Amino acid sequence: MTTAKPDSLWTRTFLLLCAAQFLGYAQNAMLAPILPLYVTQLGGSPLIVGMVLATFAATSVIIRPLVGHWADRWSEAGVMIAGLLFQGASIFFCFIPWIGTTMLANGLRGIGWGGLNTGGYSLLAHIAPQSRRGEASGVYSGVQSASSILFPAFALWLLQVWFGGFTAAFLATAIFSWIGAALGATMARHVTHRARSNASPELSRQWWREIFHFIELDILLPSVMLLWLNLSLPSITNFSVLYARELGIINFGSFFIVVGVTSLLARPLLGRLSDKIGRDLSIAAGFGLQIIGLLAITTVSTLAGMISCGMLYMLGNALGSSTTLALALERADPERRGKQMATFSIAYPLSYGVGSLLTGSTVEVAGYVGMFLALAALQSLGLIFALIQSQNLRSEPA
């Protein structure tokens, strides 16, 4: 039990949850720039890179209903800890220098990712004060994105030092995940469990129907918004390093540091802003900033220019993502929190997988500039949809 006041955000449980998520996301941040390089070193094309990245998303999406069911019936913290452990173990398949085993490792890693996110979001919905959910969402997602400040640059540095290489980088990612699991186990002792009503018709439904019940209407709209916002994200987090190499830009690790700092600082502040100006305006502004960043990056050819465009993009992504998370927290049913947050969190890997395939295939056809322009057009459609749905985004949950 914690001695913090009921409205306090900064409880021991919240801090340990954020720390575990930070280390779990550290693995993904390190792999974001080096997996494309590893696959291309093994002889893969940009399309193959997209396929390898998509396997991670595919397994993560498929496993969400199952881990959401476990979170509701067993333990939200236990699901998160198991995900971290599995995430760390799966990366060892990358030690076999073959594209097929790399694809297998990334697919298995997606299973652990599903547990990490489903358990984490369920715990956040449980412990976040109702009056500060926008701020809590901003801090939480900011901590997750903070891993992208130093870890991508650290991974690229490990590839260059005499004692490093891909093997050292992969091993480091496993260690970070396992440390996160240890922090999660410490946190689990401080979680206050809510009473679950066994008489609930939703929970008494046959277990197999419950697991394969994918659509949660209560949070469908924020899930769609999050999916649309993140479809273009792989172009910045994964394919930008390949674009920089084509432009002849060196020392690209600083790009990830600046972009990561931008996301870290923006999410808590912009999450609090969404509590004041409304969810609809915040999501529309997020789309707008992403569109500007994607269009602008096609006009630059220097490291400073790419950093500036990346900052614009990540400001929009930070605003939109923290707002949709706050919207989902507001609408989640406490009796089905695990399943509903699992449905919401599907938007992340689904957008990552579809976005990676879309990005990789567009590069093959139209090059990197054409890819950024196509994604800007896709985000423009998302902005139009958000404006059409503005009334529903403003409405209070039923």
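Worth a mention:
Each row is one residue, and each column tells you yes or no for (1) part of a loop (DSSP other than H, G, I, E, B); (2) under 17 Å from PRO349 (Cα atoms); (3) polar (S, T, N, Q).
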{"residue": "GLY107", "(1), (2), (3)": "no, yes, no"}
{"residue": "GLY112", "(1), (2), (3)": "no, yes, no"}
{"residue": "HIS126", "(1), (2), (3)": "no, no, no"}
{"residue": "PHE154", "(1), (2), (3)": "no, no, no"}
{"residue": "GLY164", "(1), (2), (3)": "yes, no, no"}
{"residue": "ALA169", "(1), (2), (3)": "no, no, no"}
{"residue": "PHE176", "(1), (2), (3)": "no, no, no"}
{"residue": "GLY184", "(1), (2), (3)": "no, no, no"}
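- Restricting ALA195, ALA188, ALA182 to residues that are closer than 30 Å to ASP72 by Cα, modelled with pLDDT under 90, small (Gly, Ala, Ser) and open to solvent by 50 Å² or more (accessible area, probe 1.4 Å) narrows the list to ALA195.
- Filtering region 53-71 to residues that are farther than 29 Å from PHE239 by Cβ, open to solvent by 30 Å² or more (accessible area, probe 1.4 Å) and of a type in the set (A, V, I, L, M) leaves only LEU66.
- Test: residue in region 131-152 that is surrounded by fewer than 24 Cβ atoms within 10 Å (Cβ to Cβ) and assigned to a loop (DSSP other than H, G, I, E, B): no
- Here GLN21 meets the list (1) touching a residue at least 12 places away in the same chain (Cβ under 8 Å); (2) open to solvent by 10 Å² or more (accessible area, probe 1.4 Å) almost entirely, failing just condition (2).
- Residues satisfying the stated conditions in region 107-166, i.e. over 17 Å from GLY83 (Cβ atoms), β-branched (Val, Ile, Thr) and either within 16 Å of the chain's Cα centre (by Cα) or at pLDDT below 85 (or both): ILE127, VAL139, ILE149
- Taken residue by residue, region 232-253 has at least one member that is in a loop (DSSP other than H, G, I, E, B), buried (at least 23 other Cβ atoms within 10 Å of the Cβ), at pLDDT 85 or above and out of contact with any Lys or Arg (no Cβ under 8 Å at 6 or more places or on another chain).
- Test for THR2: is it modelled with pLDDT under 90, of a type in the set (Ser, Thr, Tyr) and open to solvent by 50 Å² or more (accessible area, probe 1.4 Å): yes
- Residue identified as of a type in the set (Ser, Thr, Tyr), open to solvent by 40 Å² or more (accessible area, probe 1.4 Å) and touching a residue at least 12 places away in the same chain (Cβ under 8 Å) among SER361, SER351, SER390: SER361
The values are calculated or read from the model by the stated rules, or taken from the named source; none is laboratory data. The model shown is predicted, which means the values in this text are computed figures rather than measured ones. In this analysis, Cβ positions are derived from the backbone assuming ideal geometry, glycine residues included, and neighbour counts consider all displayed protein chains. SASA here: full protein model, heavy atoms, side chains in, ligands and nucleic acids out. Shrake-Rupley method; radii C 1.70, N 1.55, O 1.52, S 1.80 Å.
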